[in-house]
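The values are calculated or read from the model by the stated rules, or taken from the named source; none is laboratory data. Keep in mind that this is a model prediction, so the values were computed, not measured. Neighbour counts run over all protein chains shown; Cβ positions are idealised from the backbone, glycine included.
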Amino acid sequence: MNPDRPYRPPWRLAGIVLWAIPLLVISILVVLQPTKRTVMPVYHDAVTDWQAGLNLYRGPNYHYLPHFAILFLPFHAFPAPWGDVVWRLLSGGLLAWAFWRLLQLWPSSDNCRRFFWASAIGFALCLPGMRNGQANVIFGALLAHAAVSLCRQGWWTALVLLFLAMMIKPLAIVMLLLAGVVYRPLLWRAVVGAAAFALFPFFFGPPHYVLAQWQASLSHLRDVSLVTEHRFADLNGLFRTLGTPLNGRVSQLVRLAAGALTLAFWWRGAARVGEPWRGVFLLALATTYLMVFNPMTELNSYVILAPVLAVLALHYFDQPSRRTVGAVLIGVILSMGLLPEIVRPWDPHFALWWFPIMGLVFIGLVIRDIFTRPAPVVPAS
């Protein structure tokens, strides 16, 4: 080692190892215990039902559009349990790449260090979903990649990613609709994409069967929008813990009102900032809305929020003028990753109310930052 050259930690290698080792351990666990801590039998059963021409929604656990059963076909085709391993590796790899691409929106010679630390503080929110093979992991990654593409004016790429995310979980329509309000070049492309999206399942099944599954999916999604079980970490999870749960219809009205407020913040906020803040603000608003106001948000669903929350926490912390905000957000994400297990003996429902509160703290700080920036200067005509 050259004594005159300052030592620089191998941040690139550290970041790769940080993701690679848990993914390797998870893969080994899946091979050794393929039926433990997994949601993937639901996905395999959906593919089997699709191939047999059966109703995908005859059970209580399939909460996706018919597209998902088709997308999962290649993983189902692998000999067990290798398809489950490949699914987790693909999901985890795309999520790690999403962290990296979000950080690169603010070019820096220090990006490898930033990637390591953003991953380190966000990893606790990602690990449970990766271990269980949940679709939320790849869904969250796709939304983050779409936001990056919007920042870079990659309109077709962003649309493909958003429609792929909708095939994974129909909740992606929230970000798609919000994006179309501000990113006008998306509009005519979205019409083409929507037609392709609607027709996609018909290439993989008889028309009468596909149409029936489309109808069944819409009916099923309507039913689950009224869920009232005390096991979800949305806003109603907070109210349920307090003993004042919102009934199904009131909960729907609250979500509509929150959607309108989210749209207003997006419309006004997007006019105050340029890229990359506009795309990142969209991602923060959309993912927070999905976490706090989706009536079926599980604790592991917060992996969807993890990339933008971790990246913004570190980005703020690296700026002396916003270091306090960054420190608060680091505390937010670490509390979500670490406190539930610590507090569980005293409050088994702690995370159900803590997670939505932390989501609201996060988006509140981001909105405050966006709206306290100097107003854009309008050139004189």
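Data for the structure
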quantity	calculated
Only one of Ala306, Ala264, Ala258 that is buried (at least 24 other Cβ atoms within 10 Å of the Cβ) and at pLDDT 90 or above	Ala306
Trp87 under 22 Å from the mean Cα position of the chain (by Cα), in contact (Cβ under 8 Å) with a residue 12 or more places away in the chain and under 25 Å from Ala216 (Cβ atoms)	yes
Residues that are under 19 Å from the mean Cα position of the chain (by Cα), of a type outside the set (Phe, Trp, Tyr) and part of a loop (DSSP other than H, G, I, E, B), drawn from segment 60-75	His63, Leu65
Met358 being at pLDDT 90 or above and either closer than 17 Å to Leu125 by Cβ or not in a helix (DSSP H, G or I) (or both)	yes
Meets criteria (aliphatic (A, V, I, L, M), within 17 Å of Met358 (Cα to Cα) and in contact (Cβ under 8 Å) with a residue 60 or more places away in the chain) for Leu263	no
Considering residues of segment 94-114 that are touching a residue at least 12 places away in the same chain (Cβ under 8 Å) and touching a Lys or Arg at 6+ places or on another chain (Cβ under 8 Å) only, the residue nearest to Trp277 (Cα to Cα)	Leu103
Qualifying positions in segment 50-69 - surrounded by fewer than 20 Cβ atoms within 10 Å (Cβ to Cβ) and either in contact (Cβ under 8 Å) with a residue 60 or more places away in the chain or under 28 Å from Leu309 (Cα atoms) (or both)	Gly53, Asn55, His63
Where Phe203 falls short, out of the listed (1) modelled with pLDDT of 90 or more; (2) in contact with a helix residue (DSSP H, G or I) (Cβ under 8 Å, 6 or more places away or on another chain); (3) of a type in the set (Phe, Trp, Tyr)	(2)
Segment 316-329, residues that are touching a Phe, Trp or Tyr at 6+ places or on another chain (Cβ under 8 Å) and either surrounded by 20 or more Cβ atoms within 10 Å (Cβ to Cβ) or among the aromatic types (Phe, Trp, Tyr) (or both)	Leu329
